[in-house]
Amino acid sequence: DKENELKPRAPIITVMGHVDHGKTSLLDAIRNTNVTAGESGGITQHIGASEVKINGKKIVFLDTPGHEAFTTMRARGAQVTDIAVLVVAADDSVKPQTIESISHAKAANVPMIVAINKIDKPGANVDRVKKDLADRGVLVEDWGGDVISVPVSAKKGEGITDLLEMILLQAEVLELRANPDRLAMGTVIEARLDKSKGPIATLLVTNGTLKAGQSVVAGTTSGKIRVMTNFKGEAIRKALPATPVEILGLSDVPMAGDSFNAVKDDKVAREIAESRQEKMREDVLAKNASTTLEKLFS
Ligand code: GTP
Ligand code: NA
Ligand code: MG
């Protein structure tokens with residue numbers, strides 16, 4: 001029956017790597033826009049979600065910060081993703097957050113594609129990057145492994161088409177499918193409180209179809225979707241599987257990494273959220289109690 005029918009869905013790609021190795025610039029080059037220029041000091045502070053269409057095929061991209069303070073965000077990125085694109089600057093090679101990104105991708109069991117970036121720079125050394133990756137257990141094709149690597153220059157726009165083709169090839173192998181005819185579920189990518197609009201959450205729908213007006217539970221909060229916009233900020237009524245959206249209408253700010261579910265009615269949504277809040281309070285109390293006990297007996 002229709003309720004259980006799986007249909008092909010777009011791949012969700014997370015771009016990871018060391019700080020300033022060019023993740024956001026690479027996405028800019030892919031989208032042909034200029035996001036880095038708009039970031040404060042060029043440092044990515046949050047997971048940004050966007051969509052591109054290549055030869056009529058959609059790809060969803062998540063950008064992650066390379067700064068060492070953002071470990072959990074990168075871990076979350078790796079968890080919601082189908083393929084990780086590891087960006088390594090050819091003039092800087094493998095660095096701590098490169099190694100950490102490799103660990104996240106491996107822990108999440110996600111295939112990796114390496115984008116060796118900044119090949120336009122005088123100090124670029126692609127072979128050294130491949131060797132340093134091999135030392136970390138990532139064997140690219142000319143090192144006898146099966147990890148695809150693509151030399152690119154985000155600045156000059158070189159190698160971008162090759163990279164996108166490799167992503168689509170890898171995605172085809174994964175045969176990604178989802179059911180657009182069920183209630184939506186997915187992950188909270190980021191959330192914040194807007195002074196006038198209230199809680200704003202970026203959700204990534206991974207299965208089902210999310211509709212404006214529906215009730216959702218996200219982590220320990222819930223609400224009815226008042227406004228739903230796509231990655232371009234345009235109001236939309238429906239979001240199919242593998243679509244990032246921003247929603248208004250939650251009663252509180254959920255946490256990035258929380259899962260969300262659309263539910264049939266408001267009351268059920270509130271009840272689920274309330275029982276989760278209750279559970280969280282109990283966990284905190286239990287934790288405090290055990291800490292107190294530990295202190296008493298230490
Ligand atoms: P974080 O989000 O802060 O981790 O950085 P990022 O990995 O997103 O790097 P970002 O795109 O902000 O680029 C860092 C710097 O490298 C910027 O000054 C870019 O202009 C520069 N850069 C990025 N790609 C290239 C490239 O292909 N060639 C050259 N020459 N510079 C590049
Ligand atoms: Na940067
Ligand atoms: Mg960035």
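Give the range 154-163 a look and list any residue that's more than 16 Å from ligand 2 (Cβ to nearest atom) and crowded, with 18+ Cβ neighbours inside 10 Å, or say none. Show your work before the answer.
Taking the range 154-163 as the starting set, the residues that turn out to be more than 16 Å from ligand 2 (Cβ to nearest atom) are 156-163.
If the condition is that a residue be more than 16 Å from ligand 2 (Cβ to nearest atom) and crowded, with 18+ Cβ neighbours inside 10 Å, then G159, I160, L163 are the ones that fit.
Just checking, which of V114, V150 is without any contact (Cβ under 8 Å) to a residue 40 or more places away in the chain, in contact with a Ser or Thr (Cβ under 6 Å, 6 or more places away or on another chain) and either in a strand (DSSP E or B) or of a type outside the set (A, V, I, L, M) (or both)? If you could, list the steps in order and put the result at the bottom.
Numbers: V150 fails: in contact with a Ser or Thr (Cβ under 6 Å, 6 or more places away or on another chain).
Matching residue, one of V114, V150: V114.
Would you please name the residue that is surrounded by the most Cβ atoms within 10 Å (Cβ to Cβ), looking only at residues in the range 68-104 that are within 11 Å of ligand 1 (Cβ to nearest atom), more than 16 Å from the chain's Cα centre (by Cα) and free of Cβ contacts under 8 Å to residues at least 60 places away in the same chain?
Only one residue fits best here, namely D91.
Check off (1) at negative phi; (2) modelled with pLDDT of 95 or more for G137 and give me the number that stays unchecked.
(1)
With the requirement that a residue be in contact (Cβ under 8 Å) with a residue 24 or more places away in the chain and assigned to a loop (DSSP other than H, G, I, E, B), what does the range 132-146 give you? Before the answer, list the steps.
First, the residues of the range 132-146 that are in contact (Cβ under 8 Å) with a residue 24 or more places away in the chain: 132-133, 135-138, 140.
Within the range 132-146, R136, G137, V138 qualify.
A quick yes/no check of all residues on (1) out of contact with any helix residue (DSSP H, G or I) (no Cβ under 9 Å at 6 or more places or on another chain); (2) within 19 Å of A49 (Cα to Cα); (3) at pLDDT 95 or above; (4) within 16 Å of ligand 2 (Cβ to nearest atom):
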| position | (1), (2), (3), (4) |
| --- | --- |
| D63 | no, yes, no, yes |
| H67 | no, yes, no, yes |
| T71 | no, yes, no, no |
| A89 | no, no, yes, yes |
| I102 | no, no, yes, no |
| K131 | no, no, yes, no |
| P151 | no, no, yes, no |
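Give just the number: which of (1) farther than 17 Å from H46 by Cα; (2) surrounded by fewer than 21 Cβ atoms within 10 Å (Cβ to Cβ); (3) in contact (Cβ under 8 Å) with a residue 60 or more places away in the chain does L193 not satisfy?
(1)
Name the one entry in L174, L139, L183, L169 that is closer than 23 Å to V263 by Cβ and not basic (K, R). Please lay out each step first, then the result.
Details: L174 fails: closer than 23 Å to V263 by Cβ; L139 fails: closer than 23 Å to V263 by Cβ; L169 fails: closer than 23 Å to V263 by Cβ.
None of the others qualify; the one that does is L183.
Might you check whether a residue that is of a type in the set (D, E, K, R) and either at pLDDT 90 or above or within 16 Å of ligand 2 (Cβ to nearest atom) (or both) occurs anywhere in the range 28-36? Step through it out loud before you land on a result.
As a first pass, look at the range 28-36 and keep what is of a type in the set (D, E, K, R): 28, 31.
From the residues that got through so far, the ones that are either at pLDDT 90 or above or within 16 Å of ligand 2 (Cβ to nearest atom) (or both) too are 28.
There is at least one residue in the range 28-36 that is of a type in the set (D, E, K, R) and either at pLDDT 90 or above or within 16 Å of ligand 2 (Cβ to nearest atom) (or both).
Taking V15 as the residue in question, decide whether it is within 13 Å of ligand 2 (Cβ to nearest atom), touching a Phe, Trp or Tyr at 6+ places or on another chain (Cβ under 8 Å) and modelled with pLDDT of 90 or more. If you could, list the steps in order and put the result at the bottom.
Working: within 13 Å of ligand 2 (Cβ to nearest atom): yes; touching a Phe, Trp or Tyr at 6+ places or on another chain (Cβ under 8 Å): yes; modelled with pLDDT of 90 or more: yes.
Criteria met by V15.
Take the range 88-136 and flag every residue that is basic (K, R), closer than 20 Å to I30 by Cβ and in contact with a His (Cβ under 9 Å, 6 or more places away or on another chain). Step through it out loud before you land on a result.
Step one: list which residues in the range 88-136 are basic (K, R), which gives 95, 106, 118, 121, 128, 130-131, 136.
In the following step, the residues that additionally are closer than 20 Å to I30 by Cβ were identified as 118, 121.
Answer for the range 88-136, where residues must be basic (K, R), closer than 20 Å to I30 by Cβ and in contact with a His (Cβ under 9 Å, 6 or more places away or on another chain): just K118.
Can you name the number of the only condition in (1) over 23 Å from T187 (Cβ atoms); (2) away from ligand 1 (no atom under 16 Å from the Cβ); (3) at pLDDT 90 or above that H21 fails?
Condition not satisfied by H21: (2).
With respect to A108, is the statement that it is in contact with a helix residue (DSSP H, G or I) (Cβ under 6 Å, 6 or more places away or on another chain) and crowded, with 19+ Cβ neighbours inside 10 Å true? Working first, answer last.
On the way: in contact with a helix residue (DSSP H, G or I) (Cβ under 6 Å, 6 or more places away or on another chain): yes; crowded, with 19+ Cβ neighbours inside 10 Å: no.
When the stated conditions are applied, A108 does not pass them.
The values are calculated or read from the model by the stated rules, or taken from the named source; none is laboratory data. Fair warning: this is a prediction, and the values are worked out from it, not measured in the lab. No Cβ is skipped: glycine too gets one built from the backbone with ideal geometry, and neighbour counts run over all protein chains shown.
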